[in-house]
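Student: This is the structure I have questions about; it appears just below.
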Amino acid sequence: MAENILILSMTRMGDMIQTTPLIRGLKEKYPTAKITLLVTSDFAGAVPLIPDVDESIVVDLRQFDKPENWEDRSWVKIYRYLEKSMEDIRSSNFDLLVNLSHSKFSALMVRYLGIKKVVGFYCNDFGNRMTGHPWMQYFGVEVFNRKYNAFNLVEIFSRSGGVDVRGRAIEVMRSQNELSVDTLMPFEEEELLIGFQAGSSLEGRRWPAQSFASLADLLIENLNARIIIFGVESENEVAEEIKSLAKNKDRISNLAGKTNLSELSQLLEKCEYLVTNDTGTMHLAAALGTKIVGLFFAHAHPYETAPFSPGHLLFQARISCAPCSYGVHCNDIVCVDKVRPQYLSSAIENHLKTKTWILPEQITPDSELNVFETVFDFDMNFKLKPLVRIGLGMDDMFREAHALLWRERLTEKRDVGKFEFLINGVCEDLIRDYDCSDIESLDEQLQKKYSILEDIIKLSKTGKKMCGSIIRGVSGGNGNSNKVAQFGEDISCVDEKIEVLGFSNPELRPLTDMFSKRKENLAGNNVCFLAIETQKSYIDLINECEKLKEILKSCVEKLSDYRSDYISHSSINVAVPGR
Amino acid sequence: MDFFAKNLKCLRQCDPELAERVALQPFPENVTVVQSKDGFPIPRIAGVALHSQYRPAEEGAKAIGDFAFDPERNTVVYGLGFGYHIQALLQQVPGELTVVEPLMTLFRAFMTSVDIQPFLSRVRFRIGETPACLISRLEPDCWNIFKHLPSIRIGENYYNRLDEGLEVKGLLQNRTLRVMIVNPLYGGSLPTAHHCAGALRNMGHEVATVDCEEFAQGFSSLKGVTHNPENSEILSRNFMNFMGEIAAAKATEFQPDLILALAQAPLTPEAIQKLRALKIPVVFWFVEDFRTLPYWNEVATSYDHIFTLQDGEFHDLLRSKGVRDCYYLPQACFPDVHKHLPLTEEEMIKYGVDVSFMGAAYHNRIQSFPRLMNLDFKIWGTEWNLETPLGRLVQNNNKRLSPEEIVKIYNAAKINMNLHSSTYHYGIHPDGDFVNPRTFEIAACQGFQLVDSRKDLSRMFKVGEEIIAFDTLDQMQDQINYYLSRPEERNAITLKSYQRVVKEHTMEHRMQELLLHVFLDRKSSLDSIGEVQRDPLDYCIEQAGENTDLGQYLKQFKGQHPFSLKTVVEHIHQGEGALDQKETLFLMMDQVVEANT
């Protein structure tokens, strides 16, 4: 039972807001515990927004970003600062540490602090980054398998903290100070306020200023909206550009760099909608209840970072390179042009009237666009519901299948009786959201994958057997070290083959990557222990392969049934007089 | 009485180089010698008497009254005069004295008017030497200075400059300069460029090199492109321009405080101007024979300073062309590379020999060395005709040798032949002036050498005592026979030779002298270069507290150079066992520094 919990949240404001369901869950799980949030000085101002936090610790590393600030250019000063900060933290006697940062720095910090129970990344004795929790291991492989990931980062982090995040949304504390915002810009109570967040941390992720300007004009002319452009000081230039490109300048207020966090919160709350790139402001606005029209370009992926609450609309280009990998430099940015201002304007107009998100008529399956609505699904899991109905493809099928698989496999308490319920629910959603008429073709493609799964299972069984031999040999005391070494080499060969199957079958790679990740996190020198744990990894892989196969087959069967039902009840088959 | 001839004869025994210089100096017109009341000669320069016109010896004794002898330091006298104060010091103070006097004219007058004999055994005269040379070679940290005030008045500029030089030395010691070295494309100066870089780093400066040698192959390939000489010239010129751009790009990024180009560095006058636009000194060390490689004509006037292996005629020529500044800076050894090495039995078999020569097959060597074929003689080097009888003595098939191998060769031979190259002499260049780097390198390796006489040799060594030189090939053969049969004599000379080079003729000495000369007139720029920086490790230990856990931990890095946070982090990564708290903190700090730089 934890009484004194430390949460490391050393990333950005948006990430901090995304931890709110976890923090709420921890508070419910440990009602008497004190929760302390450790943040960096850059985003310390956001801590008052985070509910259920009793205390905060600020680590100021920004003071060292200019060598001249080290006074005498000696890093001894940084050492002493870190030493004192860490010792102060240690003296607080935390009994549970949750590290939601994936930086090496935070992992080393976890090691230094030596808190007994840790969730998240830490460094082992040799400085290697490790994580024991299955959900954090999944987080470690997700980056290589983004196409097949359906989990929002909120869900991954929350589940790694042992918090069931179903039905939960992000939330923030509301600002009590009502007075200051009126001085920032005059507006009337009944006015339709729509916010724009045009900047973002990476330039490639931004919708062009011209697009924002055109949208502003459409919203102003069609809905008499007032537009507020938000952002930090460095984004003022973008904001000014939008204003200068728009025709209706008098209805546009540029508040970039002019608001503190409290003022920003108040203004966002007053906005009916926020049209935004993938930013921290997006999460803040969503948590305050403002409807988001989100734009996801470059590496931004709505499955990972959509605002974690229902009722938001998200746009993303559906082109082969989206989302792009981290670290690439695009020299032909086309994704931003797929989203046209009239799409957003039309969607917002309809939403105002009907309080529902309706796909604009101009968008067809050929528009190369994904349009999603954020919802809770049949099982209260956060989900992106596609509004553009395209044919159900392998990627979509596997994404759904992996979601089912990992929710079951990585959660401590598994509800095995729910399988039928879950399959039914998933298939109903698939039928609703995708054109499943060509399920036979999909099934044909899946047969090949089943065969690969069998190959992986076969290899895993071989590996499992080899581990068994090592265990028997070593624990029986008659382990020939040469023989053990030979088994070790043979196991490496098996693992290499498994890895190759994953590389050559990307849909299955999450399985093989998780297998590798589990093995990476095995620590120690005891051969018997390592063999036992490795054997467990093989068993897990076998079970996961079998489960995935079961899920896919069940879905195909169910979808085929639905399709048959559709055909059998189609009017075309009904005898019509005179036909 | 005229003591000059007698004095010159004595001086030639002790300091032949100084003797040569003063021999060339006619009796000065601007120095008047008068008799004091008690009959001693007194010099007057520009109407100023340098000693008492009544009792100069008494005055000299009184003048040194306040001088406090320090046995830990070297006594250095500013000003010669006619030596009355020096005589007084010789009576009061034990050990050697060094006398610093700018005026060769005064020394000439001294040599004429005063018996030098009583001085010679304990006085080292440093006449007309530049402050940079004195400071870089004479360990000024150990100077205990006596100032002869009348001499100071006469030579005010010189002694002020000397004092400024000491100040600049202090500033340089506490600053980390950023020096960019432009290497030659190829040739004998390339090792010198590497040694310059090494020496500057050892002195605590930050060095970046423009590795032009990486482009040598490309330049070489150009020759095969066209036989048309005009077009070939265009290609070469364009290539040089390109190399100049490379140097400029490097300089822009590195932001040096000084740029040093070595001989055959591919920099055109335009490129040099571009570098000078950075408003930092751009200097050239021409480590070649100006007669053999005349391309210096094209570039000399572009540089701020030119350092040369030869003075005299070369400096006259340079000045006539309008160079801003030229300065004599001879070659040197680099003790990091050139050192005594114990050799294994196998290595002794491979490299060991009575007489060895390491070098290229220049004309005079091809002509001279057959005389040695009756001896146990090995040749190492390049461009030898292996088909000739002499060529059959070449051990390495003309393949390039590594610096490590060369050092072994020097260490292994009983006698190293050091015949300076000539493309047209039969044996010895009778007017050879500069001293090649091999002379210093063999000495630093504690190898015994026989070297052909060079005009500048006596400026570097006491010939006959610290080094043995021959004037003719016959003498060369005689010396070989003599020293082969006298190993103790060889060893004694080798040791003196070694002591002399490490005391005055290392690349660090040269770089020190170069920097002093360059920055003597740029003291203000040193002030703006940065705050005082000490040895980084000492500084960190002081910051941490010597007796703290961290301070004690850092002490294990003493001797590691250069030292930085990376040194500690790499040490941790290479370590074994679990990380302790301190190591974890260092790795955390490395992440912070990485993120913020």
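The values are calculated or read from the model by the stated rules, or taken from the named source; none is laboratory data. Just so you know, these numbers come straight off a predicted model, no measurement behind them. So basically every Cβ, Gly included, is an ideal-geometry build from the backbone, and we count neighbours across all protein chains shown. Each accessible area value is taken on the protein alone, full model and side chains, heavy atoms only, with ligands, DNA and RNA left out. Shrake-Rupley method; radii C 1.70, N 1.55, O 1.52, S 1.80 Å.
Student: Mind counting the residues in the range A:15-50 that are of a type in the set (Ser, Thr, Tyr) and open to solvent by 50 Å² or more (accessible area, probe 1.4 Å)?
Tutor: Total satisfying the criteria: 1.
Student: Picking from A:521, A:526, which residue would you name as being in the same structural domain as residue A:501 (by TED's automatic domain parsing) and in contact (Cβ under 8 Å) with a residue 40 or more places away in the chain?
Tutor: Testing whether each residue is in the same structural domain as residue A:501 (by TED's automatic domain parsing) and in contact (Cβ under 8 Å) with a residue 40 or more places away in the chain leaves just A:521.
Student: Against the definition (in a helix (DSSP H, G or I), open to solvent by less than 30 Å² (accessible area, probe 1.4 Å), assigned by TED's automatic domain parsing to the domain that holds residue A:347 and not small (Gly, Ala, Ser)), how does residue A:218 come out, yes or no?
Tutor: So residue A:218 does not fit the description; no.
Student: Continuing with the same structure: Here are some residues: B:474, B:478. Which one is under 30 Å from residue B:312 (Cα atoms), in a helix (DSSP H, G or I) and without any contact (Cβ under 8 Å) to a residue 60 or more places away in the chain?
Tutor: B:474
Student: Please work out which residue is nearest to the chain's Cα centre (by Cα), limiting yourself to the range A:76-103 and to residues that are open to solvent by 20 Å² or more (accessible area, probe 1.4 Å) and modelled with pLDDT under 90.
Tutor: The extreme case among them is A:102.
Student: Before we move on, is residue A:58 more than 14 Å from every other protein chain (Cβ to nearest Cβ), within 24 Å of the chain's Cα centre (by Cα), β-branched (Val, Ile, Thr) and open to solvent by 20 Å² or more (accessible area, probe 1.4 Å)?
Tutor: Considered against the rule, which asks whether it is more than 14 Å from every other protein chain (Cβ to nearest Cβ), within 24 Å of the chain's Cα centre (by Cα), β-branched (Val, Ile, Thr) and open to solvent by 20 Å² or more (accessible area, probe 1.4 Å), residue A:58 comes out as no.
Student: Does residue B:393 count as open to solvent by 10 Å² or more (accessible area, probe 1.4 Å) and in contact with a Phe, Trp or Tyr (Cβ under 7 Å, 6 or more places away or on another chain)?
Tutor: Against the criterion (open to solvent by 10 Å² or more (accessible area, probe 1.4 Å) and in contact with a Phe, Trp or Tyr (Cβ under 7 Å, 6 or more places away or on another chain)), residue B:393 qualifies.
Student: Which of (1) open to solvent by less than 30 Å² (accessible area, probe 1.4 Å); (2) touching a residue at least 40 places away in the same chain (Cβ under 8 Å); (3) within 25 Å of residue A:167 (Cα to Cα) does residue A:4 not meet, given it meets every other one?
Tutor: (3)
Student: Considering only residues of the range A:104-118 that are outside any strand (DSSP E or B) and more than 7 Å from every other protein chain (Cβ to nearest Cβ), which is modelled with the lowest pLDDT?
Tutor: A:116
Student: I've got another one for you. Among the candidates B:271, B:265, B:216, B:251, which residue alone is in contact (Cβ under 8 Å) with a residue 40 or more places away in the chain and under 19 Å from residue B:186 (Cβ atoms)?
Tutor: Going through B:271, B:265, B:216, B:251 in turn, the sole match is B:265.
Student: What's the total number of residues in the range A:34-52 that are away from chain B (no Cβ under 14 Å), touching a residue at least 40 places away in the same chain (Cβ under 8 Å) and touching a strand residue (DSSP E or B) at 6+ places or on another chain (Cβ under 8 Å)?
Tutor: So the answer is 3.
Student: Would you mind finding the one in B:439, B:423 that is modelled with pLDDT under 90 and either surrounded by fewer than 16 Cβ atoms within 10 Å (Cβ to Cβ) or closer than 30 Å to residue B:349 by Cβ (or both)?
Tutor: Exactly one of B:439, B:423 is modelled with pLDDT under 90 and either surrounded by fewer than 16 Cβ atoms within 10 Å (Cβ to Cβ) or closer than 30 Å to residue B:349 by Cβ (or both), namely B:423.
Student: May I pose another question? Could you pull out the residue among B:500, B:510, B:522 that is over 26 Å from residue B:206 (Cα atoms), more than 14 Å from every other protein chain (Cβ to nearest Cβ) and surrounded by 13 or more Cβ atoms within 10 Å (Cβ to Cβ)?
Tutor: After applying the criteria, what remains is B:500.
Student: Exactly one of (1) at pLDDT below 95; (2) open to solvent by 30 Å² or more (accessible area, probe 1.4 Å) is unmet by residue A:570. Its number?
Tutor: (2)
Student: Kindly indicate which of B:40, B:82 is touching a helix residue (DSSP H, G or I) at 6+ places or on another chain (Cβ under 7 Å) and open to solvent by 70 Å² or more (accessible area, probe 1.4 Å).
Tutor: B:40
Student: Give the residue, chosen from B:123, B:114, that is under 27 Å from the mean Cα position of the chain (by Cα) and crowded, with 17+ Cβ neighbours inside 10 Å.
Tutor: Within the list B:123, B:114, the selection yields B:123.
Student: Does any residue in the range B:370-396 that is at positive phi come within less than 8 Å, Cβ to Cβ, of a residue that is exposed (fewer than 15 other Cβ atoms within 10 Å of the Cβ) and modelled with pLDDT of 90 or more six or more places away or on a different chain, and which pairs are these?
Tutor: B:381/B:360; B:383/B:360
Student: Is it the case that residue B:338 is in contact with an Asp or Glu (Cβ under 9 Å, 6 or more places away or on another chain) and outside the structural domain of residue B:488 (by TED's automatic domain parsing)?
Tutor: Yes; evaluated as a whole, the condition is true for this residue.
Student: May I pose another question? Regarding the range A:309-318, can at least one residue be identified that is surrounded by 20 or more Cβ atoms within 10 Å (Cβ to Cβ) and under 20 Å from residue A:239 (Cα atoms)?
Tutor: no
Student: Scanning the range B:9-37 for residues that are of a type in the set (S, T, N, Q) and assigned to a strand (DSSP E or B), which turns out surrounded by the fewest Cβ atoms within 10 Å (Cβ to Cβ)?
Tutor: B:35
Student: Checking residue B:163 against (1) touching a Leu at 6+ places or on another chain (Cβ under 7 Å); (2) closer than 23 Å to residue B:527 by Cα; (3) not assigned by TED's automatic domain parsing to the domain that holds residue B:211, only one condition comes out false. Which one?
Tutor: Unmet condition: (1).
Student: Looking for something surrounded by 22 or more Cβ atoms within 10 Å (Cβ to Cβ) and not hydroxyl-bearing (Ser, Thr, Tyr) - is there at least one such residue anywhere in the range B:341-351?
Tutor: No - not one qualifying residue is present in the range B:341-351.
Student: Just a yes or no: is a residue in the range A:30-41 aliphatic (A, V, I, L, M) and modelled with pLDDT under 90?
Tutor: no
Student: Write out, first by first residue and then by second, each pair whose Cβ atoms fall under 6 Å of each other, whose residues are 6+ apart or on separate chains, and whose first residue, in the range A:299-327, is at pLDDT below 85 while the second is part of a helix (DSSP H, G or I).
Tutor: These pairs meet every condition: A:322/A:335.
Student: Exactly one of (1) in contact with a strand residue (DSSP E or B) (Cβ under 7 Å, 6 or more places away or on another chain); (2) open to solvent by 20 Å² or more (accessible area, probe 1.4 Å) is unmet by residue A:332. Its number?
Tutor: All conditions are met except number (1).
Student: Considering only residues that are farther than 19 Å from residue B:96 by Cβ and open to solvent by less than 70 Å² (accessible area, probe 1.4 Å), which ones fall in the range B:60-77?
Tutor: Selection gives B:61, B:63, B:65.
Student: Just checking, how many residues over the range A:119-132 are touching a Gly at 6+ places or on another chain (Cβ under 9 Å) and either assigned to a helix (DSSP H, G or I) or buried (at least 21 other Cβ atoms within 10 Å of the Cβ) (or both)?
Tutor: Qualifying residue count, the range A:119-132: 5.
Student: Still on this structure, I have one more. Can you pull out the residues in the range B:544-592 that are in a helix (DSSP H, G or I), at the interface with chain A (Cβ under 10 Å from one of its Cβ atoms) and under 36 Å from the mean Cα position of the chain (by Cα)?
Tutor: B:554, B:565, B:568
Student: Scan the range A:352-360 and tell me whether some residue there is modelled with pLDDT of 95 or more, within 22 Å of residue A:219 (Cα to Cα) and in a strand (DSSP E or B).
Tutor: The answer is no, given that none of the residues of the range A:352-360 is modelled with pLDDT of 95 or more, within 22 Å of residue A:219 (Cα to Cα) and in a strand (DSSP E or B).
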